[in-house]
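All remarks here apply to the structure that follows.
No lab work stands behind these numbers, since they all come straight from the coordinates. From a predicted model like this one, the values you see are computed outputs, not experimental measurements. Cβ placement follows ideal geometry from the backbone for every residue including glycine, while neighbour counts extend to all protein chains displayed.
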Amino acid sequence: MPKCPNCQNEGRIDPILGLINCKDCEIRQSNLSKPKHQLEFTSDDIKLQRKEYSKDIIQANRKGELSKEFVETYGASVAKRQGYSDKEIKSAKYVWDNYYDNNL
């Protein structure tokens, strides 16, 4: 009988995945809490490039709210071409936090 790769008890065979954890290990792992923030392992060079080119990926809106960052970056004429009215452009709000400014 195959053994669980985790605890060496009796394992299970999945027709697609092959040998998988036993029921006890599966239950134990499902009860573990997930971290609030994912760790990211990347170089300082990549972090600086993300900060430098962050304006290139600003979206026009977030949850239906026009982004003031988008209007400041690309101008009101681009926002008008995308179908936003003058009133919406004037009432645009900052909807994107500066993650890379605050976390580098």
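Is the shape of the range 4-64 best called rounded, prolate or oblate, per the rule: a/c under 1.5 gives rounded, else a/b larger than b/c gives prolate, else oblate, with a ≥ b ≥ c the square roots of the Cα gyration tensor eigenvalues?
prolate
Of Q82, Q59, Q29, which is the most mobile in a GNM of the chain whose springs link Cα atoms less than 10 angstrom apart?
Q29
Using the Cα atoms of the chain, I'd like the radius of gyration and the largest Cα-Cα distance, Dmax, both in angstrom.
24.1, 71
I'd like the GluC sites (Glu not before Pro) in the range 6-104 restricted to DSSP loop residues with at most 15 other Cβ atoms within 10 Å, sorted by number.
Answer in residue order: E40.
What percentages make up the Cα-Cα pair-distance distribution of the range 44-102 when the bins are 10 Å wide from 0?
Calculated over all Cα pairs of the range 44-102, the distribution is 23, 49, 21, 6, 0 percent.
Under the rule a/c < 1.5 gives rounded, and otherwise a/b versus b/c splits prolate from oblate, where does the range 30-69 land using the Cα gyration tensor?
oblate
Which of the lysines could a cross-linker span from K87 if the Cα-Cα distance has to be under 25 Å and same-chain partners fewer than 8 positions apart are dropped?
K55, K63, K68
Taking K and R as +1 and D and E as -1, what net charge do the other residues with C-beta under 11 Å from the C-beta of D44 add up to?
Spelling it out: positives minus negatives among the neighbours equals +2.
Output needed: Cys residues of the chain lacking any neighbouring Cys C-beta below 4.7 Å, sorted by number.
When partners are defined as cysteine Cβ atoms under 4.7 Å apart, the chain leaves C7, C25 without one.
Per-residue ellipticity at 222 nm for the chain, helices alone: DSSP H runs ≥ 4 residues times -39500 (n - 2.57), over residue total, nearest 500 deg cm²/dmol?
Result for the chain, helices only: -9000 deg cm²/dmol.
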